[in-house]
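All remarks here apply to the structure that follows.
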Amino acid sequence: MEEQTLTDGTVWLDRPGTDDIDAVVEACQDPAIAEWVTIPWPYVRADAEEFIGTTVAEGWAGSSPVWAIRTAERGRLIGTIGLGTRPHDQTAAEIGFWLAPEHRARGIISRSVALTCDFGFDPAGMGLVRIQWRAFVGNRASAAVARKSGFRYEGLARLGGVQRGIRRDFWVAARLNTDRPGPADGWPAEV
């Protein structure tokens, strides 16, 4: 896939590189990221090197782009967001994201999700039909972003995911290319 930089003038999304390794390591020391994201724990420099050198590189070489989230063009990485596809279905992807704690609750992730979904659904981008979101049960901050971004709640996957060898329940929601991007109704109160 050809690299794409996405921006709305407030948030810039571009491919993370080796210059971002220290920022990834620093952010991934946050226990909340470790609680909700399937990263190694404790997170060390070699994990960030593997992420940049393998996950990001293979994602852009295929059709599963990962972007650095920045608040200035060529600014410091403050998070990541990506769209992961499966080899047997290039019309659907799963969105995943994390953000350093000092940048949360400022609308940065919502802006990043909007840019990513716009690119994902655009026929000139990835031409997706469906973008799925999932989060381990209890990750209400991620659920709030998904709901605000137009993802419709689809249910609970009991013991549907594994994190560091432990099976956990997760919530599932999705947006279709025909869904409007504004807040979605129908989410259970407990989510």
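Among the residues of the range 4-29, write down those that are of a type in the set (Asp, Glu), free of Cβ contacts under 8 Å to residues at least 40 places away in the same chain and touching a Lys or Arg at 6+ places or on another chain (Cβ under 9 Å). Talk me through it step by step, then tell me what you get.
First, the residues of the range 4-29 that are of a type in the set (Asp, Glu): 8, 14, 19-20, 22, 26.
Now restrict to residues that are free of Cβ contacts under 8 Å to residues at least 40 places away in the same chain: 19, 22.
Scanning the range 4-29 gives a single hit, Asp22.
Residues that are surrounded by 17 or more Cβ atoms within 10 Å (Cβ to Cβ) and on the phi > 0 side of the Ramachandran plot: list the strands (runs of 3 or more DSSP E) wholly contained in the range 129-191 that include at least 3 such residues.
On the way: elements: 130-136, 152-163, 166-176.
Here the list is empty.
Go through the residues of the range 82-95 one by one and say whether even a single one is in a helix (DSSP H, G or I), surrounded by fewer than 19 Cβ atoms within 10 Å (Cβ to Cβ) and not hydrophobic (A, V, I, L, M, F, W, C). If you could, list the steps in order and put the result at the bottom.
Start the filter on the range 82-95 by keeping residues that are in a helix (DSSP H, G or I), which leaves none.
No.
Name the single residue, out of those in the range 118-128 being in contact with a strand residue (DSSP E or B) (Cβ under 6 Å, 6 or more places away or on another chain) and farther than 22 Å from Phe51 by Cα, that is surrounded by the fewest Cβ atoms within 10 Å (Cβ to Cβ). Walk me through it before giving the result.
To start, the set of residues in the range 118-128 that are in contact with a strand residue (DSSP E or B) (Cβ under 6 Å, 6 or more places away or on another chain) comprises 119-120, 128.
Imposing the further condition that a residue be farther than 22 Å from Phe51 by Cα reduces the set to 119, 128.
On the way: Phe119: 18, Leu128: 23.
So the residue we want is Phe119.
Quick one: Ser63 ticks every box in (1) modelled with pLDDT of 95 or more; (2) of a type outside the set (A, V, I, L, M); (3) surrounded by 13 or more Cβ atoms within 10 Å (Cβ to Cβ) bar one, so which box is it?
Condition not satisfied by Ser63: (1).
Which count do you get for residues in the range 1-38 that are among the β-branched types (Val, Ile, Thr), in contact with a Phe, Trp or Tyr (Cβ under 8 Å, 6 or more places away or on another chain) and in a loop (DSSP other than H, G, I, E, B)? Full working, then the answer.
Step one: of the range 1-38, the residues among the β-branched types (Val, Ile, Thr) are 5, 7, 10-11, 18, 21, 24-25, 33, 37-38.
Pick out the ones that are also in contact with a Phe, Trp or Tyr (Cβ under 8 Å, 6 or more places away or on another chain) and you get 5, 24-25, 33, 37.
Cutting the leftovers down to in a loop (DSSP other than H, G, I, E, B) gives us 5, 37.
Residues flagged as among the β-branched types (Val, Ile, Thr), in contact with a Phe, Trp or Tyr (Cβ under 8 Å, 6 or more places away or on another chain) and in a loop (DSSP other than H, G, I, E, B) within the range 1-38 amount to 2.
I'm trying to understand the selection: among the residues of the range 97-115, which are buried (at least 18 other Cβ atoms within 10 Å of the Cβ) and either farther than 12 Å from Phe151 by Cβ or in contact with a Phe, Trp or Tyr (Cβ under 6 Å, 6 or more places away or on another chain) (or both)?
The answer is Phe97, Trp98, Leu99, Ala100, Ile108, Ile109, Arg111, Ser112, Leu115.
The values are calculated or read from the model by the stated rules, or taken from the named source; none is laboratory data. Keep in mind that this is a model prediction, so the values were computed, not measured. Note: ideal-geometry Cβ built from the backbone for every residue, glycine included; neighbour counts use all protein chains shown.
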